[in-house]
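Right, one structure below, let's go through it.
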Amino acid sequence: MPLQTVSKIWMDGELVDWADAKVHVLTHALHYGSGVFEGIRAYETDRGAGVFRLTDHMKRLHASARIVMFDMPYTVEQLVEATKETLRANDLKSCYIRPLAYLGYGEMGLNPLPLPVNVTIAMWPWGTYLGDEGVKHGITAKISSWVRPDHNSMPPQAKSTGIYLNSSLAKVEALKAGYEEAILLNPQGFVSEGTGENIFVVNEDVLTTPPTSAGALQGITRDTVMTIARNLGYEVREANLSRADLYSADEVFVTGTAAEVTPIRSIDDRPIGEPGNITKEIQETYANIVRGKLEKYDDWVEYVS
Ligand code: PY5
């Protein structure tokens, strides 16, 4: 589906027209995957656009930048303000927001140290990531033959652009084989995460998700879901999972800013079934929280005006 364009994109401190938000072909990041990014959503609330956990996302962008040794030219607070400014300029009530810090133009060697770090914040209206049907009835998934990079090959904790080649390989493999999403194992053979989502299994009243040491991103939706589940009275564990733990689980779902809470209805042709009660309860609570409908969680919604 083509992108739904909006009016302005924030680039290095200025709002530029969507069509003019361009870079040179010798931009370092285009060649070497030298960028770090975020995915954030704004939702329509009774108080106008509310950005879900905006500050936490910008903090993670800074954390990613530290891992790859980028000198970020803007503070977390400045990036939060820039996002709000861009949202106002585009007059958007709900959208997906994509901040990106990347190595720019001026040096084609691998040494990134002399290069400028450019920062951009783009946004556009984006519906469900894994489809409306997927959100309602669950998606099919496949364990990928591609393995999540080891911590000492490429740090999976940095949300860096380069590592998404690994995710794309897995995604394409799954799609070509007739599945909707891939689940990656780590080099030790334990479950890591989806191509752009964290994963949870539910057994009885216990939720389990792989630890970040298994190569899973420290997902903000993951953290949100862990908090929701505990507040609903469920036990939540971070523990290594094998692929067989997925096959035999009562319920399985993935979480992410783009994917939100999406149930999985089969893995490697083993049926999990229609979305279970706990998945649905968490899905519904999440949908209400991000739209500012649950006062208890209102600190997570950052209003634009
Ligand atoms: N794991 C990976 C590899 C991810 O790319 C993402 C987010 C997550 C987990 C979930 O993190 P969070 O809950 O903090 O969003 N993926 C991006 C997103 O915006 C990009 C998807 C295309 O959801």
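Structure notes:
- Top of ARG222, ARG41, ARG243 by mean-square fluctuation, Gaussian network on the chain, Cα under 10 Å: ARG243
- Tilt relative to the chain, helix 277-290 - C-alpha long axis, 0 to 90 degrees, to 10: 20 degrees
- Alpha carbon convex hull of region 1-134, volume per residue in cubic angstrom: 127 Å³
- For the chain, the equivalent ellipsoid derived from the alpha-carbon gyration tensor has semi-axes of 31, 24, 17 Å in decreasing order.
- Pair-distance profile P(r), taking every C-alpha pair of region 31-82, with 5 angstrom steps and integer %: 5, 19, 25, 21, 14, 8, 5, 3, 0
- The Rg/Rh ratio of region 96-249, with both radii computed over alpha carbons and Rh defined as the Kirkwood radius, is 1.00.
- Full extension of the chain between VAL172 and ASP71 yields a length gain of 33.0 nm, computed as 0.36 nm times the residue separation minus the alpha carbon distance.
- Computed from Cα atoms, the angle from the helix 76-90 axis to the main principal axis of the chain rounds to 90 degrees.
- Ordering ILE267, THR227, LEU294 by the projection of their Cα atoms onto the charge dipole of the chain, which places +1 on the Cβ of Lys and Arg and -1 on the Cβ of Asp and Glu, puts ILE267 at the extreme positive end.
- FRET E, pair ASP205, THR128, Förster distance 35 Å, beta-carbon r, rounded to 0.05: 0.80
- If the segment from ASP150 to ARG270 were pulled out straight at 0.36 nm per residue, it would be longer than the present Cα-Cα gap by 40.4 nm.
- Dipole axis of region 1-113 (+1 Lys, Arg; -1 Asp, Glu on Cβ), positive-most option in HIS24, LEU103, SER64: SER64
- Tensor-based shape of region 68-152 (alpha-carbon gyration tensor, a/c under 1.5 rounded, otherwise prolate or oblate): oblate
- Under the convention that each Lys and Arg Cβ holds +1 and each Asp and Glu Cβ holds -1, the size of the dipole of the chain around its Cα centre is about 340 debye.
- Using the Cβ-Cβ distance between TYR164 and GLU107 with R0 set to 30 Å, the FRET efficiency from 1/(1 + (r/R0)^6) comes to roughly 0.85.
- For region 154-193, the extents of the C-alpha atoms along the principal axes are 30, 23, 11 Å, listed from largest to smallest.
- Each 10 Å bin, from zero up to the one with the longest distance, holds this percent of the alpha carbon pairs of region 189-296: 15, 52, 29, 4, 0.
- Choice from ALA229, ALA216, ALA19 showing the highest fluctuation, given a GNM over the chain with Cα pairs closer than 10 Å: ALA19
- With the gyration tensor restricted to C-alpha atoms of region 57-107, the semi-axes of the equivalent ellipsoid amount to 23, 13, 10 Å, longest first.
- Judged by the ratio a/c of the largest to the smallest principal axis of the C-alpha gyration tensor, region 227-282 counts as prolate, that ratio being 1.5 or greater while a/b is larger than b/c.
- Spin-label pair VAL16/HIS137, simplified geometry with 7 Å Cα→Cβ offset, distance in nm: 4.4 nm
- Here region 179-305 carries DSSP beta bridges of which approximately 80% are antiparallel, counting only pairs with both residues inside.
- Rounded if a/c under 1.5, otherwise prolate or oblate - region 116-159, Cα gyration tensor axes: oblate
Each value in this text was obtained by applying a stated rule to the coordinates, not by laboratory testing. Keep in mind the model is a prediction, meaning the values are calculated, not measured. Don't worry about glycine lacking a Cβ; one is built from the backbone with ideal geometry, like all the others, and counts go over all protein chains shown.
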